[in-house]
Amino acid sequence: MPEAISRRMQDHNLQAVDQMEVLGCCITDSSALMNDWLQARRADHRDACDILSHRSMPVQSALLLQRMSINTRLDHLMRMLEPKLIDSLLQHFDDEMLQLFCNISGISLAEPADSVALAALIARIRLPISMGGMGLTSKASIAHIAYYASLLQAVPDVLRFFHGDAEASK
């Protein structure tokens with residue numbers, strides 16, 4: 001643990017632990033504990049996909065819930081965790097979202113005879129709705145941007161925490 005953080009923890013009588021969940025995100029320096037936590041998130045996601053792909057779910061409702069609810073589940077993690085930690089989770093999520101969309105809408109990814117047509121179909125599904133797509137943006141493609149945007153947003157608070165209000169206002 002960095003010395004500056006260790007000192008601040010001692011100043012506030014805080015004790016370090018192996019792992020904890022804060023605001024929906026795992027905080028740990030153990031890759032094994034992080035992997036276990038991420039696998040649990042993956043299982044949660046799989047359960048939600050099973051519900052949406054059930055035959056009794058109306059297609060329009062399922063597509064709307066996929067785009068507005070399930071597809072946004074990882075947005076918070078993308079802003080909180082380094083992309084290298086969640087890269088495989090995001091890739092799996094993207095693949096599952098694409099497969100779920102195809103299952104709900106009755107599209108077969110095996111139908112296009114050539115890879116160009118398949119790539120065009122996937123690109124159309126991933127485009128924002130305003131551009132004629134289905135709004136299922138690839139999380140893996142925006143993970144780095146989301147993470148670094150959150151870091152930049154946190155800079156004033158981090159400066160204020162370590163250096164007081166005078167430094168943060170500069």
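Within segment 78-95, no residue satisfies the criterion of being crowded, with 17+ Cβ neighbours inside 10 Å and either free of Cβ contacts under 8 Å to residues at least 40 places away in the same chain or among the hydroxyl-bearing types (Ser, Thr, Tyr) (or both).
If you scan segment 54-77, which residues turn out to be touching a residue at least 40 places away in the same chain (Cβ under 8 Å) and over 21 Å from ILE129 (Cβ atoms)? Across segment 54-77, the qualifying residues are HIS76, LEU77. Only one entry in ALA110, ALA123 is at pLDDT 90 or above, more than 17 Å from LEU63 (Cβ to Cβ) and either among the charged types (D, E, K, R) or out of contact with any Ser or Thr (no Cβ under 8 Å at 6 or more places or on another chain) (or both), namely ALA123. Determine whether ARG42 is open to solvent by 40 Å² or more (accessible area, probe 1.4 Å), at pLDDT below 80 and over 16 Å from THR137 (Cβ atoms). So ARG42 fails the test.
For segment 58-72, residues that are exposed (fewer than 15 other Cβ atoms within 10 Å of the Cβ) and not hydroxyl-bearing (Ser, Thr, Tyr) total 5. Taken together, SER105, SER130, SER115, SER138 contain a single residue that is within 17 Å of LEU63 (Cα to Cα) and exposed (fewer than 12 other Cβ atoms within 10 Å of the Cβ), which is SER130. Is one or more of the residues making up segment 46-53 more than 16 Å from the chain's Cα centre (by Cα), without any contact (Cβ under 8 Å) to a residue 12 or more places away in the chain and open to solvent by 100 Å² or more (accessible area, probe 1.4 Å)? So far as segment 46-53 goes, yes, one or more of its residues are more than 16 Å from the chain's Cα centre (by Cα), without any contact (Cβ under 8 Å) to a residue 12 or more places away in the chain and open to solvent by 100 Å² or more (accessible area, probe 1.4 Å).
The values are calculated or read from the model by the stated rules, or taken from the named source; none is laboratory data. Model, not experiment: these values are computed from the prediction. Counting neighbours? That spans all protein chains shown, and the Cβs are built from the backbone with ideal geometry, glycine included. In case anyone asks, the SASA skips ligands and DNA or RNA and just uses the protein heavy atoms, side chains included. Shrake-Rupley method; radii C 1.70, N 1.55, O 1.52, S 1.80 Å.
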